[in-house]
1. Compute the long axis of helix A:120-132 from its Cα atoms, compare it with the longest principal axis of the Cα atoms of chain A, and write down the angle in degrees, 0 to 90, nearest 10.
2. Based only on other Cβ atoms within 10 Å, what is the fewest-to-most ordering of A:455, A:221, A:301, A:247?
3. What angle do you read, to the nearest 10 degrees and between 0 and 90, between the alpha-carbon axis of helix A:373-387 and the longest principal axis of chain A?
4. For A:152, A:41, which order do you get if you count the other beta carbons within 10 Å of each Cβ and list the fewest first?
5. Using only the alpha-carbon atoms, how far is helix A:82-92 inclined from the longest principal axis of chain A? Give it as 0 to 90 degrees, nearest 10.
6. Using R₀ = 22 Å, calculate the FRET efficiency as 1/(1 + (r/R₀)^6) where r is the Cβ-Cβ separation of residue A:8 and residue A:76; round to 0.05.
7. Take the alpha-carbon centre of region A:335-391, take the same for region A:399-422, and report the distance between them in whole Å.
8. In percent, how large is the relative contact order of region A:371-427, given Cα pairs closer than 8 Å and 6 or more residues apart?
RNA sequence: GUCCCUAUCGUCUAGAGGCCUAGGACACAAGAUUCUCAUUCUUGCAACAUGGGUUCGACUCCCAUUAGGGAUACCA
């Protein structure tokens, strides 16, 4: 019984059997196979959506395949329910996977399993093969030994790491290996690198171009003592078997490239094309840093849902970071879906972008302004159902009224208002239409009283009020009122001769605006009166006596 | 320490040696529009990190410096 059989006492499939089970994909020329491969360690990071978006677009616009693989080889870091969150987040953002797990976590696709923890025998079969071909070996070094090794290396000025002459178990005699194995001493399997640190290699990256590296000479761990592979090994085996043509991932992986390329080569696999993208960052004091899972609520994609950004706004914002010509394209293709925009890898910026909420708001306002009343209503309703019980109840009980409110300066308007960036803004925009929420603050009362003759203005208007007035008819009445009570027609006239007037027309309108809305700023007052109806408007106007 | 990546307006960026008097978008400021706000329109503000090369010519190519970021794990 060889030491290899002691390492893997249970029968494993052969490498050939596995290769036969996962045949090469038969795809048209130019079709890209891409993937998103998150670890289930918590929520879905906005950077994960960003990477997924690039991968998804590239695959689908080329007629290829986009799949999801769950990288759960680190059992210690796994968080329960994280896979479900990943699947539903991808589905929510319309990043449709062809293989992997659907919204409900059902596995789909011919290259299953797509969860690395379930691929253990596959990895082990390849590890076994590597042991047999002398490209890997067991290593019995303990954490303490490794720590000590690093210290000696640092003290002597040597490059730290497990390589070359420092690799104690690299050429360990078979008898001794068997001895340790028999004694039940824990071990890992290391890759036996044939690289030399003095050799320079050049690797082509889809974004950064040619990158020079020293060749990898580290004997990295490919199988941990728990029998599961490390990222490096799993990546190579999986992306080979699953036929990935393009790996687009975060640039924290750049420094592992020499290793990955070497592994592909040593295992006789064709390496995919690599592109390393910069992370989304935020300002922290006066330096930038990557959006952090622990410190930044906006790192979690669910944050955007909670606040009520339309998902397509988030996607379009991200797309804008992916290819900055997206916004020009969008302006010229207003009716098209973002999915018609050709994403190109070489237009990606090599440096990381700061997440800009102001820009997101702008994009979101633009999108919401283009929606019909019915669409806004439904979107807000669905949002409120999960995130704002009060608003949800209000909408349920008064759906027609709320629709009428939402259609102000929207239905039939040349340019719809852009004052809603997120659904959580809506509550404040519609509250004053409801009598139980409506109030005139002391501040507003003072503002109202500052207008001369305010009581007379209101008293004169009340008998003239007609709920069917058009905007022009209503405004003509305001002008008449201004005229009758000696208010200037416009600001200019008033400013030219302030002592001659009681104020200008804006003060006249302000009186009514405050009485009707409780605010000095609101959408078009004539439309508001239409929506509120005669009874409500008159009852509010009549409160002028109590101010 | 070593290796690698990055560097244009406040932000996202365009820029492939002469199209650059450095363009666009967001933001900001001013003005215009039948009232306020939101729109819309017009105008404005504002950048090639520094120092060396190469070249007739450099934002663009090369080198150094500086500053950010990443890697250096039985984490991904």
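Every number here is computed from the coordinates shown, using simple stated rules; none is lab data. Please read these numbers as outputs of a predicted model, since none were measured by experiment. In this analysis, Cβ positions are derived from the backbone assuming ideal geometry, glycine residues included, and neighbour counts consider all displayed protein chains.
1. Between helix and principal axis, roughly 40 degrees.
2. Numbers: A:455 14, A:221 18, A:301 25, A:247 21.
By the 10 Å Cβ count, ascending: A:455, A:221, A:247, A:301.
3. 60
4. Neighbour counts put them in this order, fewest first: A:152, A:41.
5. That helix lies at roughly 50 degrees to the long axis.
6. On the way: r = 23 Å, r/R0 = 1.06.
About 0.40, to the nearest 0.05.
7. For region A:335-391 versus region A:399-422, the Cα centre distance is 17 Å.
8. On the way: 30 pairs, mean separation 24.2, N = 57.
Relative contact order here is 42 percent.
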